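Quick notes on the structure that follows.
The values are calculated or read from the model by the stated rules, or taken from the named source; none is laboratory data. What you see is a predicted model; the values in this text were computed from it and never measured. Every residue, glycine among them, receives a Cβ derived from its backbone with ideal geometry; neighbour counts consider all protein chains shown. Areas reflect the complete protein model, heavy atoms only, side chains present, ligands, DNA and RNA absent. Shrake-Rupley method; radii C 1.70, N 1.55, O 1.52, S 1.80 Å.
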Amino acid sequence: MTSKPCRYGYATKAIHAGEESLPRTGPLIPPIYQNSTFRFASADECVIGFTDEGSDSVYTRWGNPTQSVLEAKIAALEGSEDALATASGMAAISTALLTLLECGDHIVAMDSLYSASHNLLNEDLSRMGIETTFIDGTDTNEFEQAIRTNTKAIYIESPANPTLKLVDIRACAEIAQSHRITTIIDNTFASPCGQQPIALGIDIVLHSMTKYLSGNGTVIAGVIAASAEFVERAKTQVLRNFGGVISPFNAWLTFHGIATLPLRFARHCDNAHQVATFLQSHPAIEWVGYPGLPSHPQHQLAKRQMQSFGGMVAFELKGGVEAGRQLVNSIRLCSLAVSLGDVRTLICHPASTTHLHISAEARRRSGITDGLVRLSVGLENAEDIISDLNQALPLTAV
Ligand code: LCS
């Protein structure tokens, strides 16, 4: 569903956008269409169903009215012409890339990416004849240097998972435009509240809606926000045939999650700032990465391109793998869990858990050092999160 320009403020849009097409009389909350197929009264009606106008009321793999209201809300929040909801963040990423790329194409990507996105580019797309050059990306000149005659796209995460590195989004978009290359950003860490990349010149914005957008740890979902033309191609040429569609129930839960996103995100940011400031002063910690801290090497860039700095904090423990293991074994309030953007504070130490069986060298290449800990700061009282970390961290440097 294509979005119309909306004059309201952000919190108002988060609550009301997407509902413009609903009747004024009837249920206050858009109903959930928990059905796989739709019936028609006549052959002529059925024909209309197979046009653009009626395509969310034919068969749920083609679309569904619950999905449409969610997509219109996302488009309003990202400032894109249209949006396409998907079954997961990875379904959004793979759908966007498969819409854009074909055998023989080349892509330039950051090396600090969510691990499955890195694997998709490095293993699956490379198997299909699509080659990726990975670069650090913090120096924008690297993008220019990596571009070849067959480069079709630049793919970035900013802030990146798990390092919280940033890319100068506007500069990257300008380089891409001068080479007629499409830019794609995974905006999951910032959420549309923290950063709106389309206004900075990016073509395609992706989210794992599993995280801040749904917000309650109840959903796996993703979304592509882009031009109406790209969304139409992604939907009709890839999503319908590859089948990674969102379920109506997950679309409905996400729609409700977004209504509180501005409130939740403000609290995530505020709590994360307090937690990062505490961690920075702790003797067991080597460095803290939070774009909102003046000590973040790209803090000035963060202030230029982000409205707020998010709830994700990375830090390096002085004691390496063993110190990380002890920390995650000692927390009481925080939860040892992957994922992020939940109301609960989640902690993860990749070197002793998710990345235990990956060589230290391969870990280091993707920015995962031995003592790296990632915190998704939740909505509890900041002093309680700090007090839990304080009791779990060693008293002095290891
Ligand atoms: N993009 C980013 C930046 C992510 O962090 C994730 C998942 C995805 C895409 C994929 O989204 P999904 O398909 O799971 O909805 N990140 C995870 C993480 O850091 N730990 O567990 C999952």
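Details
- Summed over qualifying helices (DSSP H, 4 residues or more, each -39500 (n - 2.57)) and divided by its residue number, the chain shows a 222 nm mean residue ellipticity of -10000 deg cm²/dmol.
- Residue of Phe309, Phe230, Phe40 that the Gaussian network model of the chain assigns the largest fluctuation, springs spanning Cα pairs under 10 Å: Phe40
- Relative contact order (%) - criterion: Cα under 8 Å, at least six apart; region: segment 1-149: 21 percent
- Overall dimensions of segment 248-382 by Cα: Rg and Dmax, Å: 15.7, 49
- Spatial separation of Cα centroids for segment 298-319 and segment 90-104, in angstrom: 29 Å
- DSSP-defined beta bridges in segment 10-259 - what % are antiparallel, rounded to 5: 35 percent
- The chain: most fluctuating residue of Leu101, Leu379, Leu166 per GNM, C-alpha cutoff 10 Å: Leu101
- When the Gaussian network model of the chain links Cα atoms closer than 10 Å, the mean-square fluctuations of Gly311, Gly129, Gly378 top out at Gly129.
- With contacts taken as Cα pairs under 8 Å at a separation of at least 6 residues, the chain carries a relative contact order of 16 percent.
- Net charge of neighbours whose Cβ lies under 10 Å from the Cβ of Asn187, counting Lys and Arg as +1 and Asp and Glu as -1: -3
- Contact order for segment 188-344, expressed relative to its length and based on alpha carbon pairs under 8 Å spaced 6+ residues apart, stands at 27 percent.
- Coordinate range along principal axes, alpha carbons of the chain, Å, largest first: 75, 51, 38
- Charge dipole of the chain about the Cα centre (unit charges at C-beta), most positive-ward option of Thr149, Ile347, Leu333: Leu333
- Rolling a 1.4 Å probe over the protein heavy atoms of the chain, with every protein chain left in place, gives an accessible area that is 53 percent carbon and sulfur.
- Cα-projected label distance for His16 with Asn119, points at 7 Å along beta-carbon direction, nm: 4.4 nm
- Here the peptides 180-186, 385-391 are ranked by packing, the mean other Cβ count within 10 Å, and the order with the highest first is 180-186, 385-391.
- For the pair segment 124-197 / segment 16-59, the C-alpha centres are spaced 37 Å from each other.
- Each eigenvalue of the Cα gyration tensor of segment 151-289, multiplied by 5 and square-rooted, gives one semi-axis; in descending order these are 29, 22, 12 Å.
- For Asn150, net neighbour charge (Lys/Arg +1, Asp/Glu -1) across residues whose Cβ lies under 13 Å away: 0
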